[in-house]
1. Can you pull the one-decimal nm distance between simple spin-label points at Phe169 and Arg210, each 7 Å off the Cα toward Cβ?
2. At 222 nm, what helix-only mean residue ellipticity would the chain give, in deg cm²/dmol to the nearest 500, using -39500 (n - 2.57) for each DSSP H run of four or more?
3. Accessible area per residue, 1.4 Å probe, Å², for segment 133-203: what's the number?
4. Sorted by mean Cβ packing within 10 Å, highest first, what order do the peptides 194-201, 228-235, 255-262, 53-60 take?
5. Run the 1.4 Å probe and let me know the accessible area of Asp143, rounded to the nearest 10 Å².
6. Using a 1.4 angstrom probe on heavy atoms only, work out the carbon and sulfur share of the accessible area of the chain in %.
7. What is the Cα centroid distance between segment 76-127 and segment 169-205, reported in whole angstrom?
8. Considering the options Val221, Pro13, Val102, tell which one lies farthest towards the positive end of the dipole of the chain, charges being +1 on Lys and Arg and -1 on Asp and Glu at the Cβ, about the Cα centre.
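The values are calculated or read from the model by the stated rules, or taken from the named source; none is laboratory data. The model shown is predicted, which means the values in this text are computed figures rather than measured ones. Counting neighbours? That spans all protein chains shown, and the Cβs are built from the backbone with ideal geometry, glycine included. Just so you know, the surface numbers come from the protein's heavy atoms only, side chains and all, with ligands and any DNA or RNA stripped out. Shrake-Rupley method; radii C 1.70, N 1.55, O 1.52, S 1.80 Å.
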Amino acid sequence: MRETLAAVPGETPAAYRPPAEAADAGSAEAGSAEAGAAARSAVEEKSGKRRNLAYPPAPEPLPVPVMDNHTHLDFRDGLVEVGVRQALDAAEAVGVRGAVQVGCDLESSRFTVAALEADPRLLGAVAIHPNDAPPLAAAGTLDGALAEIEELAAHPRVRAVGETGLDYFRTRGGGLKVQEYSFRRHIDIAKRLGLALQIHDRDAHDGVVRILDAEGAPARVVFHCFSGGPELARICNERGWYMSFAGTATFRNSMHLREALLLADPQLVMVETDAPFLTPHPYRGRPNASYMVPYTVR
């Protein structure tokens, strides 16, 4: 491994640290170094909770390399802006040899294809997120957006269509029919192009399985950020569908995920960050990045 990639466990990778000028300014404003750090790294969430925006320290490197199956390098979080190559360098330093950059609208899917050209350690997935389908349909632009997704999916390093699926948490009523239509269209694209399907499934396990069975699932299906329990794990085992576990599996209140993981066929288990979201314990709530995968793996 290149010397420039050397990881220092317990220290935040250099690319994820705020500039010294920002740190100094924050300390001066707060009146002390400790108070300054707290002022810089905590913000009010809509819920009223305060959130630490500092990126966590690097974990011990993994002895065997893995891939981050699902990340969003274009989504900004935390106190710094990190480039694609910087993010992948930090990940490689701890044994994460690459990542799947996932698009969830036209803008992020275009970014995905551009990122694939920038770094060979990336593979890509492109799609219209289920929650974005209803407003596009209302504007009369959903079919045009799906046509562009199919064009972007033809890139040789795009290996999946996704994230697509159903979300019964954020979308209700008439929007659900639009989600189903969009999901079926994505399934068709994946099958015709011979690509995997990355599933977004939030509170919609039965609906997702129903549509996959009705349409005929692609040869490779991945449940991104697997959120089901033992019953869905059994279904995935039976059908040969992959289960990609994120930092949520480390949360104290996620016993159902750990029960599912115990039942899952090990050959169907994948790992992901869904960065910058779902940072694993003990750093839950802070910004996430691909270099955090080893916490979830262990």
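1. The modelled label-to-label distance comes out at 2.0 nm.
2. Working: 11 runs with 114 residues, N = 298.
Rounded to the nearest 500, it is -11500 deg cm²/dmol.
3. Numbers: 3180 Å² over 71 residues.
Each residue of segment 133-203 exposes 45 Å² on average to a 1.4 Å probe.
4. Details: 194-201: 23.6, 228-235: 18.1, 255-262: 15.6, 53-60: 20.0.
Going by the mean number of other Cβ atoms within 10 Å, highest first, we get 194-201, 53-60, 228-235, 255-262.
5. 80
6. Working: 7510 of 14000 Å².
Here carbon and sulfur together make up 54 percent of the probe-accessible area.
7. With segment 76-127 and segment 169-205 each reduced to a Cα centre, they are spaced 23 Å.
8. So the residue furthest toward the plus end is Val221.
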